[in-house]
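Where a number appears in this text, it was derived from the coordinates with a stated rule and is not lab data. Predicted model only: the values in this text are computed from it and were never measured. Cβ placement follows ideal geometry from the backbone for every residue including glycine, while neighbour counts extend to all protein chains displayed.
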Amino acid sequence: MLAPLAALHRGRARHILRGYELEARRVTKGRLEAFTDGVIAVIITIMVLELKVPHDADPKALLPLVPVFLSYVLSFVFVGIYWNNHHHMFHAVHHVNGATLWANLHLLFWLSLVPFVTGWMDENRFAAVTVAAYGIVLLGAACAYTILTLVLLASHGKDSPLAKALGKDFKGKISLVLYLAAIPLAFVQAWISGGLYVLVAAIWLAPDRRFEKLFDEAKA
């Protein structure tokens with residue numbers, strides 16, 4: 001009589017522990033996403049604070065701010081692209097571990113440098129070394145995002161919905177190549193590097209329905 005009761009209690013205990021484990025995984029994923037959203041919001045706030053308000057009401061006073069504003073727009077677009085991709089990717093993520101948390105922090109580290117290099121370019125009128133530094137930060141962020149995807153794939157498996165959605169990640173690979181080309185080109189002509197940065201942003205602004213297709217298939 002005691003043996004069946006003990007087995008029943010053990011079964012219930014395992015069921016409760018499994019529930020606690022699933023809940024902990026869900027909360028951890030949620031906290032990671034919330035933390036990422038908060039950091040990105042702060043990054044965007046810092047960037048907009050770098051825009052100096054002119055002390056003249058004449059519209060002509062805005063002309064010197066045009067290059068500064070354009071660099072802000074480019075940086076805003078890049079940060080927005082990372083937030084958008086991160087948001088979509090984590091819809092296909094079922095759990096996170098310690099390696100995922102560190103990989104995500106690594107990505108946020110590089111993104112947190114975007115306001116600094118953007119301001120440095122503006123203050124030095126897009127000098128070659130500052131444009132190259134901007135590219136290095138973008139390259140670092142791209143590498144960090146690639147590492148994050150590899151860490152997630154390692155914990156989810158090659159046959160997971162996440163792996164199917166990511167596919168061969170052509171956009172990610174071509175972005176790395178363009179950044180590597182843009183950095184040395186900054187010392188030849190800074191505007192060429194700027195054009196390549198804009199090209200990368202344009203590539204990612206094009207609709208990417210990899211994860212939307214996954215969600216549609218899941219609903220069907």
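Below is a table of values for the structure above.
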| quantity | calculated |
| --- | --- |
| Order of SER71, SER112, SER193 - criterion: other Cβ atoms within 10 Å of each residue's Cβ, fewest first | SER112, SER71, SER193 |
| At R0 = 25 Å, FRET efficiency that the Cβ-Cβ distance of ILE147 and THR28 yields, to 0.05 | 0.85 |
| Cα-projected label distance for ASP169 with ALA41, points at 7 Å along beta-carbon direction, nm | 2.8 nm |
| Sequence of LEU196, LEU139, LEU176 once ranked by neighbouring C-beta atoms within 10 Å, starting from the fewest | LEU176, LEU139, LEU196 |
| Highest to lowest packing among 149-157, 44-52, scored as the average C-beta count within 10 Å | 149-157, 44-52 |
| Region 163-178 versus region 136-155: alpha-carbon centroid distance in Å | 11 Å |
| Sorted by Cβ density within 10 Å, fewest first, the residues TYR145, TYR134 | TYR145, TYR134 |
| Hz values of 3J(HN,Hα) by residue in region 110-122 - Karplus curve (6.51, -1.76, 1.60), Gly and Pro given as x | 5, 5, 5, 7, 4, x, 5, 6, 5, x, 5, 4, 5 |
